[in-house]
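Engineer: Got a structure here, written out as structure tokens. Questions coming.
The values are calculated or read from the model by the stated rules, or taken from the named source; none is laboratory data. The structure displayed is predicted, hence computed values, not measured ones. Positions of Cβ are backbone-derived with ideal geometry, glycine not excepted, and every protein chain shown enters the neighbour counts. Note: areas computed on protein heavy atoms with side chains; ligands, DNA, RNA excluded. Shrake-Rupley method; radii C 1.70, N 1.55, O 1.52, S 1.80 Å.
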Amino acid sequence: FQRWQLDGQLAVRPSLTDSGDFRALSDTALSYPVSPSVQVRLNLRFYYESDPPFSGLTPWETTVGAGVRFDF
């Protein structure tokens, strides 16, 4: 696991129009360098919105992703 890299971010943003409402995002990624300019990336993202824009939507959204990153 010496070449693997774990990155993460957590952001909480208040609503500018309704007091008490907020959005939160947690993004965690695991990257592996295939070459100096190419990385394989796996990520897990959680998104929460205290007041969804449309009725019937759940406030939670979870995404699992995989991708390739190219640096040039």
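Engineer: Looking at Phe46, Gln5, Thr62, which one has the Cα that reaches farthest to the positive end of the dipole of the chain (charges on Cβ: Lys, Arg +1; Asp, Glu -1)?
Structural biologist: Of the listed residues, the answer is Gln5.
Engineer: Rounded to the nearest percent, how much of the accessible area of the chain (1.4 Å probe, protein heavy atoms only) is carbon and sulfur? The partial results should precede the final answer.
Structural biologist: Values: 3450 of 5890 Å².
Solvent-exposed carbon and sulfur of the chain make up 59 percent of the total.
Engineer: Can I ask one more? Let me know the charge dipole size of the chain about its Cα centre in debye, to the nearest 20, where only the beta-carbon of Lys, Arg (+1) and Asp, Glu (-1) is charged. Display every interim value, and only then the final one.
Structural biologist: Details: 6 positive and 8 negative charges, 81 e Å.
Dipole magnitude for the chain comes out near 400 debye.
Engineer: Which whole-number percentage describes the relative contact order of the chain, with Cα contacts under 8 Å and a sequence gap of 6 or more? Mind dumping the intermediate values first?
Structural biologist: Details: 138 pairs, mean separation 18.9, N = 72.
Dividing the mean separation by the residue count of the chain yields 26 percent.
Engineer: Relative contact order of the range 1-42: what whole-number percent is it, with Cα pairs under 8 angstrom and at least 6 residues apart?
Structural biologist: Details: 59 pairs, mean separation 15.5, N = 42.
The normalised contact order for the range 1-42 reaches 37 percent.
Engineer: Return the Rg/Rh value of the chain, two decimal places, where both radii are evaluated on C-alpha atoms and Rh is the Kirkwood radius.
Structural biologist: Values: Rg = 16.2 Å, Rh = 14.3 Å.
Using Cα coordinates only, the ratio equals 1.14.
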